[in-house]
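The values are calculated or read from the model by the stated rules, or taken from the named source; none is laboratory data. In this text the structure is predicted, and so the values were computed from the model without any measurement. Backbone-built Cβ (ideal geometry, glycine too); neighbour counts: all protein chains shown.
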Amino acid sequence: MAKVSLAKFGEISPPILNKILDLMDECYRLLGEPIGGSVDLEIFEKSGAETFFATHDALEGKPRIRVYLDKLLALPESVALAGLRRQVAHSILHGSLKFYLVRFPEHLKRVVTRYKLPYEFGNSLLYGTAMAAKEYEVTELLYKRNFVNDQIAYAKYILEPTSEDVLTWGIVLKNKLEKILHLAAIVRDISCAVPLAYDKIFGDEIKESIRRRIAHISPEYQARIQKIIYKKFPLLGTDTFENIDLVTEWVIEEIVARKSFY
């Protein structure tokens with residue numbers, strides 16, 4: 001059984017803590033152990049500047065899950081539980097430092113050099129494409145192990161369009177680099193839903209959520225994103241680094257290299 005090393009920050013309700021620990025224990029029993037056999041769990045009463053309700057990393061050499069209770073408890077329960085299961089899945093699939101020190105793909109190097117782009121732009125783009133590949137892999141694992149209903153709820157929550165989407169699109173249209181990063185972020189957000197789009201029961205609902213998520217951008221870019229997620233993503237395999245290279249290549253082909261700098 002996976003060893004969980006717990007650290008608490010602030011006042012943490014025992015019933016909530018036990019529910020989180022029970023969920024993690026269930027997931028590790030059904031999905032497998034975290035890389036290295038143990039995981040650090042840090043639970044915070046307050047999120048501070050953190051924007052998400054739970055995160056995973058392995059920047060200190062082993063899997064670490066952080067949970068921010070104020071944000072977690074503000075979510076619908078099904079979404080919160082699904083999100084926690086996703087962090088557990090990340091610790092199983094990506095719980096090593098190597099997954100957070102991803103090399104610069106050659107095709108990304110070429111486009112950065114060709115267009116004399118800032119290194120920071122290339123790094124930001126790679127961060128987005130790497131996250132897209134990893135989020136896709138997490139959903140694949142959970143879906144294949146029958147965590148379906150909660151992942152459907154999570155995907156719909158993530159894909160729910162907001163008024164800020166329209167505002168942001170209007171702003172980034174004035175800057176080519178910001179526009180590309182915004183479109184890559186949309187691919188990243190959608191990636192968690194792609195395996196669910198082929199479910200016999202919920203697939204059409206997920207496709208409709210995806211359609212609504214990209215409705216604010218121009219039809220040309222809608223078509224390019226749909227090509228990436230529906231025609232390209234099914235080609236992904238089980239090697240995370242190959243998947244990151246592929247997603248980066250597809251984003252460059254469909255979003256970066258087509259008219260973006262002309």
Q: Residues being surrounded by 17 or more Cβ atoms within 10 Å (Cβ to Cβ) and more than 28 Å from Glu120 (Cα to Cα): count how many of those fall in region 60-74.
A: 5
Q | Members of region 194-236 found to be part of a helix (DSSP H, G or I) and among the polar types (S, T, N, Q), listed by number | A | Ser209, Gln222, Gln226
Q: Under 6 Å between Cβ atoms, at least 6 apart or on separate chains: pull out the pairs that start in region 207-228 with a residue that is under 14 Å from Ala184 (Cβ atoms) and end on any residue that is of a type in the set (Phe, Trp, Tyr).
A: Ile217/Trp169; Ile228/Trp250
Q. Filter region 145-177 for residues that are exposed (fewer than 13 other Cβ atoms within 10 Å of the Cβ) and within 20 Å of Leu72 (Cα to Cα); which is modelled with the lowest pLDDT?
A. Thr162
Q | The one condition in (1) loosely packed, with under 15 Cβ neighbours inside 10 Å; (2) of a type outside the set (A, V, I, L, M, F, W, C); (3) within 23 Å of Asp150 (Cα to Cα) that Asp57 fails to fulfil | A | (1)
Q) If you scan region 226-262, which residues turn out to be under 27 Å from Val148 (Cα atoms), of a type in the set (A, V, I, L, M, F, W, C) and in contact with a helix residue (DSSP H, G or I) (Cβ under 6 Å, 6 or more places away or on another chain)? A) Ile228, Ile229, Phe233, Leu236, Ile244, Val247
Q. If a residue has to be touching a residue at least 24 places away in the same chain (Cβ under 8 Å) and aromatic (Phe, Trp, Tyr) to count, how many in region 113-140 make the cut?
A. 3
Q: Looking at (1) under 20 Å from Met131 (Cβ atoms); (2) part of a helix (DSSP H, G or I), find the lone condition where Gly95 falls short.
A: (2)
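Can you confirm whether region 20-43 contains a residue that is of a type in the set (Asp, Glu), at pLDDT 95 or above and exposed (fewer than 13 other Cβ atoms within 10 Å of the Cβ)? Show your work before the answer.
Residues of region 20-43 that are of a type in the set (Asp, Glu), as a first pass: 22, 25-26, 33, 40, 42.
Next, only the ones that are at pLDDT 95 or above stay: 22, 25-26, 33, 40, 42.
Those left that are additionally exposed (fewer than 13 other Cβ atoms within 10 Å of the Cβ): 22, 26.
Taking every residue of region 20-43 in turn, at least one turns out to be of a type in the set (Asp, Glu), at pLDDT 95 or above and exposed (fewer than 13 other Cβ atoms within 10 Å of the Cβ).
Which of the residues belonging to region 134-151 are among the hydroxyl-bearing types (Ser, Thr, Tyr) and closer than 12 Å to Asp199 by Cβ? It would help to see each step written out before you state the result.
Within region 134-151, the subset among the hydroxyl-bearing types (Ser, Thr, Tyr) is 136, 139, 143.
Scanning region 134-151 gives Thr139, Tyr143.
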Q.
I'm trying to understand the selection: among the residues of region 124-151, which are more than 17 Å from Ile228 (Cα to Cα), in contact with a helix residue (DSSP H, G or I) (Cβ under 6 Å, 6 or more places away or on another chain) and aliphatic (A, V, I, L, M)?
A. Val138, Leu141, Leu142
Q | Conditions (1) crowded, with 18+ Cβ neighbours inside 10 Å; (2) of a type in the set (Ser, Thr, Tyr); (3) more than 20 Å from Cys192 (Cβ to Cβ): number failed by Ser91 | A | (3)
Q: Please specify each residue of region 5-52 satisfying the condition of being over 26 Å from Tyr157 (Cβ atoms) and either without any contact (Cβ under 8 Å) to a residue 24 or more places away in the chain or touching a strand residue (DSSP E or B) at 6+ places or on another chain (Cβ under 8 Å) (or both).
A: Ser5, Leu6, Ala7, Lys8, Pro14, Gly37, Ser38, Asp40
Q: With the checklist (1) assigned to a loop (DSSP other than H, G, I, E, B); (2) surrounded by 14 or more Cβ atoms within 10 Å (Cβ to Cβ) in hand, flag the one item Asp245 doesn't pass.
A: (1)
(Q) Can you pull out every residue in region 134-162 that is among the polar types (S, T, N, Q) and part of a loop (DSSP other than H, G, I, E, B)? (A) Asn146, Thr162
